[in-house]
Structure formats: structure tokens, C-alpha cells
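J.: Take this structure, written in C-alpha cells, and hold onto it; I'll ask about it next.
The values are calculated or read from the model by the stated rules, or taken from the named source; none is laboratory data. This one's a predicted model, so the numbers in the text were calculated from it and none came from an experiment. Here the Cβ positions follow ideal geometry from the backbone for every residue, glycine too, while neighbour counts run over all protein chains shown. All accessible areas refer to the heavy atoms of the entire protein, side chains included, with ligands and DNA or RNA removed. Shrake-Rupley method; radii C 1.70, N 1.55, O 1.52, S 1.80 Å.
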Amino acid sequence: MSFAPIVIFAYNRPVHLQKTLNALALNQEAIESNLYIFCDGPKPNTNPENLKNINQVVKIAQTEERFKKVNVIVSDKNLGLSKSVINGVTKVIEAYGNIIVLEDDIIVGKHFLSFINKGLEVYKNEERVYGVTGYCFPSSKQIKDPTYFLPIMSSWGYATWVDRWNKINFNGYELLKEVQDRNLQSDLIFGHLNYFQMLKDQVAGKNDSWAVRFYVSMHFNKGVFLFPNKPLLQNIGLDGSGLHCLTEDHKTVNDNFISTTNIGIKKLNIEIKSHIIKKIKRGNFKNNTAFMQLLKKKIRKAIAPEILQLIRRKFQFKQQKELNRLMQLPRFKQTSTTLLGKQMVVADGASYAFMFNEIFQEHIYKFNTSNRTPYIIDGGANIGMSTIYLKTQFPESKIVSFEPDEGIFKIFKKNIETFGFKDVSLINKGLWNEDTQLSFNSEGADAGAISFKDIKSKTLNTVKVVDLNPYLNQSVDFLKLDIEGAETVVLKSIESNLHFVERIFIEYHSYIDEEQTIGEIVEILKKNNFRLYISAGLSSKAPFVRVNTYRDMDMQLNIFGIKNK
């Protein structure tokens, strides 16, 4: 089987391009695929920082060697995305007959090329099939069919053929006129994706979308696109770094968690299934958070400020009273409390009060992102408070949470079920540098830890631990490692994949009479371009005369790392 050429369009985002190339190279078909990288040139009077980024993009492209052959095409002037794509795709597709297209902000899974190439082969003679994509629109319910057709296209990681590409009319004015002449305006609205408005905006110069012109041309010819039922890619460009990150056709939908399984392709009858259309349209509506945000703003405006303050004071008093009750309970006595209006099972009152203060009052895990569907890894989830906090901050996020303590995990699972969260994967395992089993000292609250000492204890048992690297196969918006002494081992093992991580939190534990590894942690994070901020959980103000200790520790630090742009 011959593999289609891959084309990447890049401009001024070297970090995004490097991540895109790294992910693509993990596909086993990459070494047998020809790669074309089109690098757009600078705009007139561009600033020095932007020029530096543009040059860095070219350098990354020119040093790439992990593909069969790499062709780098550098423009000496700025063409813009639309013209770059139309000219670049036309040039390559006419030479090969088919093509795979990516922009510099698309992270693909390791089975992306296999899926796309198979789709190109299976449907090459089906003129109604205009393309194959690795993108998966969110749906209200899981779609069981491994692949299916939609009457819309996706510009995020797709492939097409020369005969279908040549049917596309990129003259937006002519397309708009035909839509209006044939009274097809309502036909170009899919769920709440208003392609008619996008086309009008393109003609008016408000966006430079080539994709909406592709879609409308495809619609005129009753064309369809083949989609997988699980996402094979993720867009990391919705961070405000891209000129077109808010003008393309996916701005109101999710970029989901990348599937790690290979999706087979069997030839289907070219038909659009109504039940799948309904699930996709409902999924689009449910994932549109703009309406709920607007509603909250209107409610805040409608209620007088003094009434809001009174409500807050009463709530805070009641909250503190409940925390005091929990603090006075005997240690490790299971109880329950109310969190965010839900009944929460608590393993230990004192540790709950401490975690509540850190997570829900001090907001130590709070971060901002323009990505509505961030991918988050919660290492050391305990009874679930950090997972609950992050999921309420980002309702459409994908979270993978690890907790090795079997007893604590049962509570964690029950709490997550109470909240009814979706897209939260709960894994009853700890984190380590390999998949194995280790001794674990179960403390019964928030300090259970892997045991390295030869001790006998009723609380000592065996737990499963896993290598974190397989979960770092895409952009990670936030990685939390609160893993009670295993942090250095895990960080060293994942160093080669830290380029995927945007933000990291590490709770560092310094144990009495054991070698300190804080230097290794700082060195690894700095080497991987993180800016560090450190606060002390356990410290000594006068360590020359007295060292404060707690749970066999003489220091505990909270390390926050933010990737330098």
C-alpha cells in the first residue's frame, strides 16, 4: 500500500509545529510517507519577535528527518492561510492524486495515518465521498458505528482526492450568489454551526476560511465526509495563538481526547443515517457553553449586590461551621458532607478540611485557557476533590485520574458517580516509571504512599502502578503529580514527553534521612522550558536550630510550572 503525501501549513508558531511533527512521527507509516511543510512568510512591517518565530518555524521544518522525504517550501511574503492552503494543496495533490492535510496546531494519535490512508484507498472511486478526517464531533450519545458519513466536512486533519478537490469553487462570491438564488440558506445550518453566516463573513472579508468554501461546494454536489466514532486528533491552537483559531467551522465544538485504539474501515453504503445526525446536532448544542455563561451574567445583574453579599456571608458561615465539625471528628472516621450541593463521602474529616481549603478556597489548581475541552491528568486523586474542582471549572474537559489506594479509590469512584461527570477516567493504580506492583503504605486519608522501607505493618499492601508515558500522547493542559514521594521517579521517566505538557503541579516530599531530589526536579522542569513558582507546605523558619517535621518529612513544597511561550 502506498501512502498519501502529508502537507503541513505553518506560519509563526514553532512550539505548535514541533508538537505536531512529534505526534505525527509516532505513526508507523510516517517513515514511508513524503512530507511537505509550507512555511508562510512575514507580513510587511512585522515585529522582531514575530519574525524570530517565523524563522524558528523554518528552522524546525528544515531539520525534520523522521519521514521518507521532507520538502520545505518557504514563502518570502505572507500569503495568508487560505491562499497558502489552496495553492499548496493544489500543487501537491496534482502530483500525487491524493493528499493528507494538517495545520501546525493539530496533534494526531498514533493510528491517524493508518486510518486516513485506509479511507483514501477504500473510497477513492466513490465520487460522493469528498474526504476522510480524524476529527470526531461531540455527540449526545456514543455512536456505535466505527465510521459514518456526515454531510459536512472537517478541516482539522483530513484527506481528499484530486478529482474531488478540482470540483471545489473557491470563489466565495459565486457560492453565496448560488446559495441565495437557490434559497439554500437554511440547508447550510447544521445544529448550531451556521455555515451560511461563515460564507457571508468570508465574502465580507471578516474571515479567510477556505474550509467553508470547500463545504458549500461539497454540499452543492451532495457530498459527504467519512468520520471516525472516536477522535484521532486534537487541536491545540485554540489558545489565541492562531489567526484563524476563532473563525473556522469548529469554534463552537470540542476537540476531544485522542483515541489510542486503531479504528478499522469497512466500506459502507454512501448514506447519511438520521440517528447519527441527531446525536451530533444534540452534542453540538450541549457543548455550547456560551448560553449558560450569558444566563449567569444576566442573573448576577438582576440581583442587587447587597443581596448577593448577604447570600455569600451566610454560605461562608455555614461552610466554616461544617468544616469545624469535620475537624473535630476522630481521625480516619468515614463520614459525609455536602460539596457543591452534592453528598460527598469523606475518608477523614481533617484531611478533607485541609484539601477543601487548598483546592476550593485558595484555588491552587485554578488555571485559565481558551480551550473549552482541556485534557487534564490528576495523579494522586484521593477521594476526588481535585478532579471535582477541575471538572466543575471545565465541564467539557477530559480528565484521567489515578488513585492507587483501593479503599480510597472506592470512595473516589462513588463521589464521581454522585456528581454524574462524563469524560472522567478513574484508574485504580499509582504512577511509577514502569507497569509493575509495589508495596504501598495505606494511611487511610490523604498520605498513602509507596513504601521503600522494609517494614511490617497492617496498613502495608501491594498496589499496581503504571508508566505515565502512554497517557502523554497529546497536548496536556494540566498535569498534577501529588503522589507522595514518587514524584521524582515519575518526572524523570516522562521527561521526553514533557513537551506535551502546558502546566504542571508537583507536590515535592523531602523525607527525613533520605537524599533530597528537589534539584533534579527543578533541573528537569527548567530544561523543558517551564517557568517555576514554589510555595512551602511544610518548612522551617530557623532550620539551623530547629527543623519542623511531619509524617517523616522535613519539607514539603508545592511546585507550579508554566510552559514559557
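J.: Only bridges whose two residues both fall in the chain count here: according to DSSP, what percent of them are antiparallel, nearest 5?
T.: The antiparallel fraction comes to roughly 55 percent.
J.: Kindly identify region 325-386 as rounded, prolate or oblate by the Cα gyration tensor criterion: order the square roots of the eigenvalues as a ≥ b ≥ c, call it rounded if a/c is under 1.5, otherwise compare a/b with b/c, prolate if a/b is larger, else oblate.
T.: Taking the square roots of the gyration eigenvalues as a ≥ b ≥ c, region 325-386 is prolate.
J.: Could I ask something else about it? If the limit is 18 Å between Cα atoms, which of Lys279/Lys422; Lys333/Lys410; Lys398/Lys480; Lys342/Lys398 go over it?
T.: Lys342/Lys398
J.: Quick one: 3J(HN,Hα) in Hz for region 98-108, Karplus 6.51/-1.76/1.60 with θ = phi - 60°, rounded, Gly and Pro as x.
T.: Those phi angles translate into 8, 6, 10, 10, 10, 9, 7, 10, 10, 9, 9 Hz.
J.: Net charge around Phe419, counting only other residues with Cβ within less than 13 Å of its Cβ (Lys, Arg = +1; Asp, Glu = -1)?
T.: +3
J.: Just want to confirm a number: the relative contact order over the chain, from Cα pairs under 8 angstrom separated by 6+ residues, in percent.
T.: With pairs under 8 Å counted, the relative contact order is 10 percent.
J.: Between rounded, prolate and oblate, where does region 1-94 land on the alpha carbon gyration tensor, with a ≥ b ≥ c its root eigenvalues, rounded for a/c under 1.5, else prolate if a/b exceeds b/c?
T.: oblate
J.: I would also like to ask the following. Compute the accessible area per residue over the chain, keeping the other protein chains in place, probe 1.4 Å, unit Å².
T.: 48 Å²
J.: With θ set to phi - 60°, apply the Karplus curve 6.51 cos²θ - 1.76 cosθ + 1.60 along region 137-154 and write out the HN-Hα couplings as whole Hz, x wherever there is a Gly or Pro.
T.: Taking θ as phi minus 60°, the curve returns 5, x, 10, 5, 9, 4, 8, 6, 4, x, 9, 7, 9, 10, x, 10, 10, 10 Hz for region 137-154.
J.: Pick out, from Val57, Ile86, Asn324, the residue whose Cα sits farthest towards the positive end of the charge dipole of the chain, with +1 on the Cβ of Lys and Arg and -1 on the Cβ of Asp and Glu.
T.: About the Cα centre, the residue reaching furthest to the positive side is Asn324.
J.: For a quick check: with amide H placed at 1.01 Å from N, whose amide H comes under 5 Å from Val7's, ignoring anything fewer than 5 positions away on the same chain?
T.: The answer is Tyr36, Ile100, Val101, Leu102.
J.: On to the next question. Counting only Cα atoms, I'd like the Rg/Rh figure for region 476-565, Kirkwood definition for Rh.
T.: 1.00
J.: Can you compute the charge dipole magnitude of the chain about its Cα centre, using +1 on each Lys and Arg Cβ and -1 on each Asp and Glu Cβ, nothing else charged? Give it in debye, rounded to the nearest 20.
T.: The dipole magnitude comes to about 2120 debye.
J.: Is the C-alpha gyration tensor of region 177-217 telling us rounded, prolate or oblate? Criteria: a/c under 1.5 is rounded; beyond that, a/b larger than b/c is prolate, otherwise oblate.
T.: Oblate, since a/c reaches 1.5 and b/c is not below a/b.
J.: Moving on to the next point. Give me the log10 of I(q) over I(0) for the chain at q = 0.06, 0.11, 0.13 Å⁻¹, as the Debye formula computes it from C-alpha points; what are the numbers?
T.: Summing over Cα pairs of the chain leads to -0.36, -1.08, -1.35.
J.: Quick query: amide H of Val72 versus all other amide H atoms, modeled in the peptide plane; which residues come in under 5 Å with a sequence gap of 5 or more or a different chain?
T.: Ile37
J.: Further question: Any chance you could list P(r) for region 332-444, counting all Cα-Cα pairs in 10 angstrom bins from zero, rounded to whole %?
T.: Using 10 Å bins, I get a P(r) of 13, 46, 33, 8, 0 for region 332-444.
J.: I need the phi-derived Karplus couplings for region 420-434: 6.51 cos²θ - 1.76 cosθ + 1.60, θ = phi - 60°, integer Hz, Gly and Pro marked x.
T.: x, 6, 10, 6, 10, 9, 9, 10, 7, 8, x, 10, 8, 9, 6
J.: Okay, next question. Report the Stokes-Einstein translational diffusion coefficient (µm² s⁻¹, integer) for region 109-175, Rh taken as the Kirkwood radius over Cα pairs, at 20 °C with viscosity 1.002 mPa s.
T.: Diffusion coefficient, whole number: 158 µm²/s.
J.: Additional query: Could you list which residues have their amide H under 5 Å from that of Lys273, counting only those 5 or more apart in sequence or on another chain, with H placed in the peptide plane?
T.: The list, which skips near neighbours in sequence, is Phe149.
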